[in-house]
1. Out of region 43-54, which residues are open to solvent by 60 Å² or more (accessible area, probe 1.4 Å), without any contact (Cβ under 8 Å) to a residue 60 or more places away in the chain and part of a strand (DSSP E or B)?
2. Pull out all pairs, ordered by first then second residue, where Cβ-Cβ is under 9 Å, the residues are six or more apart or on different chains, the first lies in region 203-228 and is within 18 Å of S186 (Cα to Cα) and in a helix (DSSP H, G or I), and the second is modelled with pLDDT of 55 or more and open to solvent by 50 Å² or more (accessible area, probe 1.4 Å).
3. So, in region 128-150, how many residues would count as being under 19 Å from the mean Cα position of the chain (by Cα) and under 12 Å from K178 (Cα atoms)?
4. Out of G184, G160, I need the residue that is within 18 Å of V114 (Cα to Cα) and assigned to a loop (DSSP other than H, G, I, E, B). Which one?
5. Are any of the residues in region 79-95 more than 19 Å from the chain's Cα centre (by Cα) and within 25 Å of T32 (Cβ to Cβ)?
6. Just the residues that are in a loop (DSSP other than H, G, I, E, B), of a type outside the set (G, A, S) and farther than 17 Å from N85 by Cβ, please, taken from region 187-202.
7. Look through region 33-42, keep the residues that are assigned to a strand (DSSP E or B) and farther than 25 Å from T106 by Cβ, and return whichever of them is least open to solvent (accessible area, probe 1.4 Å).
8. Can you list residue pairs whose Cβ atoms sit under 9 Å apart, with the first residue in region 105-117 being at positive phi and modelled with pLDDT under 90 and the second being buried (at least 24 other Cβ atoms within 10 Å of the Cβ) and small (G, A, S)? Count only pairs 6 or more apart in sequence or on different chains.
Amino acid sequence: MGLNPRAALAIGLLAAAHPAMAANGVATNNITFLDASSSSNVTITYFNGSRYVSEATAAGFYRIADSKGAQFNAFCTDPFDSIYNGESWKVTSALTSSTLGLSSATYPYGPYNVRAIDYIGQNFTNKGSQPAAQVAVWDLVLGGHVSYNAAQDLYYYDSGVFTATGVSAKDVYNVEQKALKSKGSSGSLFLRQVNGSQPSQYGRPQDLVTHNPSIAAVPEPSAPQMAICMMIGLAAVWGFGRKKNSSPGR
């Protein structure tokens, strides 16, 4: 059974109203990992959901390019996976704190600490101590167990959950506590990898958080917005029908 021309036109008009929308309502972009030249070598130990893992990695912001070649900085939110210079993959982008962003991710504690991670994205992506900020993001995603002793001016953390060597623990938890105490509004973007967008031999690409990159989040459409789009589509179809019915010889 063929699709009614008017129905097809309505679908086309509604799709055109959100040209950057993917099927799940999120903006989709291709990005390329350039390098981690501003990172420091660290060794982190964490619980990956089934066992404790220690690995050497780079902590700091990563340089990323979008599909047009524009560059921006981003922090990795996923210590479970690796990326390599020159790799490209597809991501969906949404505000970090939105239901489509990090708050919908499956990391153990990420959704609970989404405001703090968002703060780090806004305030450390382009300045500050990037290695310490990167380790803080990883800790917040995996646990974020930190306490501060004002009398001693010392920072304590639960080493049974997460540790990092090669970066100052005090710097890490300075960043983390500022972030946890923040009351700022959302301003960062969560770039979630799209499964299957990378060659299979590379495995799953990483998820990232960034601030004001050249690619932008598409906000979740509200009910009024969807209603307006529907009205525009129906009005156009009605106008098309009138023109067709008034055509000579019909």
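1. Y52, S54
2. Sorted first by the residue in region 203-228, then by its partner, the list stays empty.
3. 2
4. Result: G184 is the single residue among G184, G160 that is within 18 Å of V114 (Cα to Cα) and assigned to a loop (DSSP other than H, G, I, E, B).
5. Looking for residues that are more than 19 Å from the chain's Cα centre (by Cα) and within 25 Å of T32 (Cβ to Cβ), one finds at least one in region 79-95, hence yes.
6. V194, N195
7. First, pick out the residues of region 33-42 that are assigned to a strand (DSSP E or B): 33-35, 40-42.
Among the residues that remain, those that are also farther than 25 Å from T106 by Cβ are: 34-35, 40-41.
Working: L34: 50, D35: 30, S40: 46, N41: 135 Å².
Selected residue: D35.
8. From region 105-117, no pairs qualify.
The values are calculated or read from the model by the stated rules, or taken from the named source; none is laboratory data. Keep in mind that this is a model prediction, so the values were computed, not measured. Note: ideal-geometry Cβ built from the backbone for every residue, glycine included; neighbour counts use all protein chains shown. Accessible surface is based on the protein model in full, side chains and every heavy atom, while ligands, DNA and RNA are left aside. Shrake-Rupley method; radii C 1.70, N 1.55, O 1.52, S 1.80 Å.
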